[in-house]
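Single-structure report; data block below.
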Amino acid sequence: MSTVITHHHAHHFYDKEQEASSAKLGMWLFLVTEVLLFSGLFVGYTVIKTLNPEMWKVASAQLDWVMGSVNTLVLITSSWTVALAVRAAQTNEKGEKNGQIVGLLAFTIVCAFGFLGIKYMEYSHKIHDGLLWGTKYFNHPDAIAAMKAGIKETFSLDVVALSDASFLKTLEAHTAAASHHGHELISHYASTVKYADTLMTVEQGHLFFGIYFLLTGLHGIHVVIGMSVLTWVLVLAQKGKFYKDYYTPVELGGLYWHLVDLIWIYLFPLLYLV
Amino acid sequence: MSNHDAHHDDHHGHHVTPLWLYHAIFGGLLCLTVITVWIAQFDFGAANTIIAMLVATVKASLVALFFMHLLHDERLNMLTFGFGLLFVALFFLFPLVDITTRTYIDPIKENSSVRILDKEMEAQQAHAEKHKKALGKLSNLYKREFMAPAEGEGKAKPAPEVPAAAEAVEGQAAEAK
């Protein structure tokens, strides 16, 4: 096991250094496209949040910050171990660190499974509560109860006493009235309109969960891809492919995994904390 | 061990980050995570997001510069990523300019465009009212000064059927006499 397979650079490169630096530049270009892909959703987040600040407060309170924090720690740890795996490959002379590379990559992949496990718990909880995007939002009685409590806490409006059916009916009626005759209503029934407006903003919560599922879902897909890439690198490392003169796949796989971590570093406070 | 590795690999043109630095960065990231969670329980209003984003950016910089080796890599990689971030900034800039300068159409809000339009219309109506009054005064004055001698009566009367232009000419002629 303590041997390495010597790498020969491809014929269209001058030497190993040029091959390695070209591959890395290509990886960075790819990472830029990834960042731009996510930035579309981040801009959507910004626009929707700015236009619906009250709704955001109520809806984002439904997320469990403890789970988000644990997932942050898991991802940071995996980022650290994958960086150490790259370093082990960089300093691997004659295959004496093959086992270390494999061990660190395996630990990273275990962390990734842990992340997905926690994400699964979060998702199933949200789905059970009916906290989903579009028209599915608000369909579950628990979700309605949570929203009533949220309205009471945030706006001191007691809608808890209403039955679920009449709550939804009121919500619908007030929303329709406010959107059709909002301007006339304001002068005559200021309090009614305020009530309807409150409900309207809270009802927009499906927008928050739309953004939540899109952002975390796209990120989750990246976690799965990163795991697959790292598993492939692990298998090659097991064979003794990586040593001080050739470790490009470990490094590029590591870069991808760090990007997954980078995105989460922004996702976590934006969704769970503010 | 790590010193030896670093020395050895510098010779080959690869920078190997010393182990202690990786551990320090990891420790720093853990601390910053605790800080960002802890600070979120205080309400700083609009500054909440800014503070959280500052902490996140410090964390992201640590990951990019040290874990992703941007600091000691070829400068072209940093330049490439930097240009990407520049375009992200542009992407954010234009929608932000839009939504932060837009007055949301919402009759509830004091500064909504519906309210602002109302106020503007009121102001315009008041202005028109003032104008009308001033015009009325002017026309009364005109009638008293220029039409009264020609008609031979004291008080101003409703305008006669003659067109306004002819009236004005008549007035001027009266003045000339």
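Just so it is clear, none of the values below were taken in a lab; they were calculated from the coordinates. Predicted, not measured: the structure shown is a model, and the values here were computed from it. Ideal geometry is used to build each Cβ from the backbone, glycine not excepted, and the neighbour counts take in all protein chains shown.
Converting phi to 3J(HN,Hα) with the Karplus coefficients 6.51, -1.76 and 1.60 and the offset θ = phi - 60°, the stretch A:64-71 yields 9, 5, 5, 4, x, 5, 4, 5 Hz in sequence order, with x at every glycine or proline. A simple rule links phi to the HN-Hα coupling: the Karplus curve 6.51 cos²θ - 1.76 cosθ + 1.60 with θ = phi - 60°, which for the stretch A:211-220 gives 5, 4, 5, 5, 5, 5, x, 4, 5, x Hz, with x for Gly and Pro. Length available on full extension from B:Met53 to B:Trp20: 0.36 nm per residue minus the Cα-Cα distance, which gives 9.2 nm. Each of A:Tyr266, A:Tyr120 was scored by other Cβ atoms within 10 Å of its Cβ. Listed from fewest to most, they are A:Tyr120, A:Tyr266. Against the empirical curve 2.2 N^0.38 Å, the C-alpha radius of gyration of the stretch A:9-51 lands at a ratio of 1.93. Using a/c under 1.5 as the rounded threshold, could you call the stretch B:2-101 rounded, prolate or oblate? The axes a ≥ b ≥ c are square roots of the C-alpha gyration tensor eigenvalues, and prolate needs a/b larger than b/c, oblate otherwise. It comes out oblate by the Cα gyration axes. Once the Cβ-Cβ distance of B:His72 and B:Lys119 is raised to the sixth power relative to R0 = 56 Å, the FRET efficiency obtained is 0.40. Each label was represented as a point 7 Å from its Cα along the Cα-to-Cβ direction; for B:Leu30 and A:Ile225 these points are 3.1 nm apart. Take the Cα of A:Thr6, step 7 Å toward its Cβ, do the same at A:Glu54, and the gap between the two points is 7.4 nm. If you take the Cα centroid of the stretch A:15-62 and the Cα centroid of the stretch A:257-274, the two points sit 10 Å apart. For B:His15, nonlocal amide neighbours, meaning residues 5 or more places apart or on other chains whose placed amide H falls under 5 Å from its own, do not occur. Projected label points at B:Lys137 and B:Trp38, each 7 Å from Cα along the beta carbon direction, are separated by 7.0 nanometres. Checked against a 20 Å cut-off, the cross-linked pairs A:Lys24/A:Lys94; A:Lys94/A:Lys244; A:Lys97/A:Lys244; A:Lys24/A:Lys241 give Cα-Cα distances beyond that limit for A:Lys24/A:Lys94.
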